[in-house]
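Following: one structure in structure tokens, then a few remarks.
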Amino acid sequence: MRAYCHACEADTECRVERRDEVYPVKGEPIAVSAEVMVCDTCGTDLFNAELDNRNLELAFREYRQRKGLLGAEDIIRIRGKYDLSQRSLATLLGWSPATVARYEMGAIPSVPHSEQLSRLDEDMAYVRGLAEAKANQLGQLAKRKLEARLGQLGDRPERLLEAYLI
């Protein structure tokens, strides 16, 4: 493998080493077993965006695990469970669509947001209450899809948002 080394001022052979590194995540030091590109000629660490992104994701994953926070895949799964778009989920929770998008791209949710998403995942009565409270803000298609999904999940047989679908 070759990469440009600023110390050698040349394109050099390099290797990937695994080493323990500490990344600050939300002010907390998180140690991970990181992969780092190193110049074979002088031993200087070289920048590699792909490796750096993977190492940062490892640190984020460790932080989420320590704090009991949901990850992007959890949020995508929850959204899929109720057949909601990012915009519909944001409306249901009173968040901005950008917040949902950021979380699904790997940003770390706040503790209250993670707790709210967990409750959404586990408590269909909570989902039903949110849907009823936000019925005027959700689009007709989103309401129908959510109602159908709650029915499939064994919520209640009667129409969830019947009054709003007329």
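Selection over the stretch 1-54 of residues that are open to solvent by 60 Å² or more (accessible area, probe 1.4 Å), aliphatic (A, V, I, L, M) and under 22 Å from LEU69 (Cβ atoms) gives a count of 2.
Looking at this structure, is ALA98 under 30 Å from LYS145 (Cα atoms), surrounded by 16 or more Cβ atoms within 10 Å (Cβ to Cβ) and at pLDDT 95 or above? It is false that ALA98 is under 30 Å from LYS145 (Cα atoms), surrounded by 16 or more Cβ atoms within 10 Å (Cβ to Cβ) and at pLDDT 95 or above. Of all positions in the stretch 146-157, at least one carries a residue that is open to solvent by less than 40 Å² (accessible area, probe 1.4 Å) and either at pLDDT 95 or above or part of a loop (DSSP other than H, G, I, E, B) (or both). Would you say ARG66 is within 15 Å of PRO109 (Cα to Cα) and over 15 Å from the mean Cα position of the chain (by Cα)? It is true that ARG66 is within 15 Å of PRO109 (Cα to Cα) and over 15 Å from the mean Cα position of the chain (by Cα). Name every residue in the stretch 113-142 that is of a type in the set (S, T, N, Q) and not in a helix (DSSP H, G or I), in order of residue number. ASN136, GLN137, listed by residue number. Taken together, TYR103, TYR126, TYR82 contain a single residue that is open to solvent by less than 50 Å² (accessible area, probe 1.4 Å), in contact (Cβ under 8 Å) with a residue 24 or more places away in the chain and within 23 Å of GLY151 (Cβ to Cβ), which is TYR82.
The values are calculated or read from the model by the stated rules, or taken from the named source; none is laboratory data. No experiment lies behind these values; they were computed from the predicted model shown. We place every Cβ from the backbone using ideal geometry, glycine too, and count neighbours over all the protein chains shown. Areas reflect the complete protein model, heavy atoms only, side chains present, ligands, DNA and RNA absent. Shrake-Rupley method; radii C 1.70, N 1.55, O 1.52, S 1.80 Å.
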